[in-house]
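Single-structure report; data block below.
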Amino acid sequence: MLSQISSPDSQATLLPVKKKILLVEDEVLFARAVVKRLQKAGFECEHAESLHDAKLLIKQFEPDMALLDMRLPDGNGLDLLSDMIAKNINVIVMTAFGEVTDAVNAIKLGALDYLKKPIDLEELLLIIQKNEKTTELQTSLAYSRQRDAVINESIQLIGESAAMQSVRQQIGRIAQLSSLSDAVPPTVLITGETGTGKDVVARYLHASCINHDKPFVYIDCASLPAELMESELFGHEKGAFTNAVASRPGLIESAEDGTLFLDEIGELPLGLQAKLLNVLERRMVRRLGSTKERPVLARIIAATNRDLYQMSSEGRFRSDLYYRLNVITMQMPPVRNRGQDILLLANYFRQMTEKRYALPHHEFDASALMAIQHYHWPGNVREMRHQISRAVLMCTQPVISAQALGLPQASQVAVSALGASDAPMTLEDAEKAMLLSALEQARHNVSKAARILGITRMTMRYRMDKHGISSV
Ligand SMILES: Nc1ncnc2c1ncn2[C@@H]1O[C@H](COP(=O)(O)OP(=O)(O)OP(=O)(O)O)[C@@H](O)[C@H]1O
């Protein structure tokens, strides 16, 4: 599954031991770059150029995860896949253009995910870390509980504004209800612009509830490949489709009586919306190819930056699902409307970066404080985190000025363009203008444009697709 994780390195530091990754790839230059990047992110990494070498390394190195190319000098990567799965190695396959069938077969055989070449290293890292999280939740409950405890301990929901206090109060109330009764927990819908902290709130809620030691399963509905979505969510029995060699629980089942977090729920295809509605209504799930139903005990939290009400009135989101999800709604305000929280957050990210990289204390000067407070923050808290961390890392002086902060020009241009226009603009229009402006500034280099906006390349791609913007 694909996902957007804002800070790969910070996630890697949560791992209790160095994970071992075997890269099976015959393109040596590309392989070297991958090994270097993974080692930098804290993984132990070995490289094999052929199936033969890979088999030896599986024995000697005992990897936890493999990145497997399909076309190798002595055969097809698929030939090694079953062996790897049997040895509990989590496999991500890498396919060249036109090898989609191979990728789908690999997933059906038990590979966790696939990536299409050419591969962006940062994207690869995000996917490894995301898959690592999901697998740990699925295969090692004890470990996942321990890991989630670590993550949950480190969840910080910074903010004292009225809006954030209200969010905290609602979380407290839901947590209190969960301790009073065994009844099925109410569904929670978290809305708000991108980067406003919907994911943080979902985790914070889970961490606050009595069942916080149970799994927290994250599903990014926007990046699950459509052809795999159903079996990923609902699981399957052995033989349910060609190559379904073993039974596998779906993610809904894996959440047990913990939390199932459906991020970007607005992107779920209509067909699956009907199936999800059925799960929510009946609180039962049936694996593909099975006649047996299993109870769904998990708390369900959904998040979106879309207007689901509007989408449902246009027939793009099922209204019955919308009403079913919308039992308790938490609205995350954009960061520009959070008053003094803006400075609280900025100082928090400054301190966090100083602590993580053992840097001396910095101060923001008056120009920086002014810039932070007056900037529009289209990417919200995520953008702020990236901007502040970058400034702290790059600033050799103890005082950070507005110039050192270097708030993205493209976004400022876009913001002033929005401000200058008399015509009322929707959030969708504003987002599109921001993307176009960043792309123009980055001369249509998608990775650069993503950096300007403080979002991941994957998020950038996804949002470009959403607005029908091609990368030219
Ligand atoms: N109140 C907060 N306190 C501390 N950190 C926060 C807060 N809100 C968000 N963050 C940080 O900002 C980043 C983005 O947050 P998050 O991923 O939760 O946003 P989101 O609304 O789920 O975004 P998207 O819609 O793009 O999925 C994360 O690094 C998160 O840790």
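Taking the square roots of five times each eigenvalue of the Cα gyration tensor of the range 236-321, the equivalent ellipsoid has semi-axes of 26, 15, 12 Å, listed largest first. Remark: spin-label model distance Val28-Ser50 equals 1.4 nm, labels positioned 7 Å along the Cα→Cβ axis.
For the range 143-331, the calculated P(r), taken from all Cα-Cα distances in 5 Å bins from zero up to the bin holding the longest distance, is 1, 8, 16, 20, 20, 17, 11, 5, 2, 1, 0 percent. The relative contact order of the range 143-331 comes to 28 percent, based on Cα pairs under 8 Å that sit 6 or more residues apart. Rounded, prolate or oblate: which fits the range 345-406, taking a ≥ b ≥ c as square roots of the Cα gyration tensor eigenvalues, rounded meaning a/c under 1.5, else prolate when a/b beats b/c? Cα axes put the range 345-406 in the oblate bin.
Read the figures in this text as sums done on the coordinates, not as results from a lab. What you see is a predicted model, and the numbers here were worked out from it, not measured in a lab. FYI the Cβ positions are ideal-geometry reconstructions off the backbone, even for glycines, and counts take in every protein chain you see.
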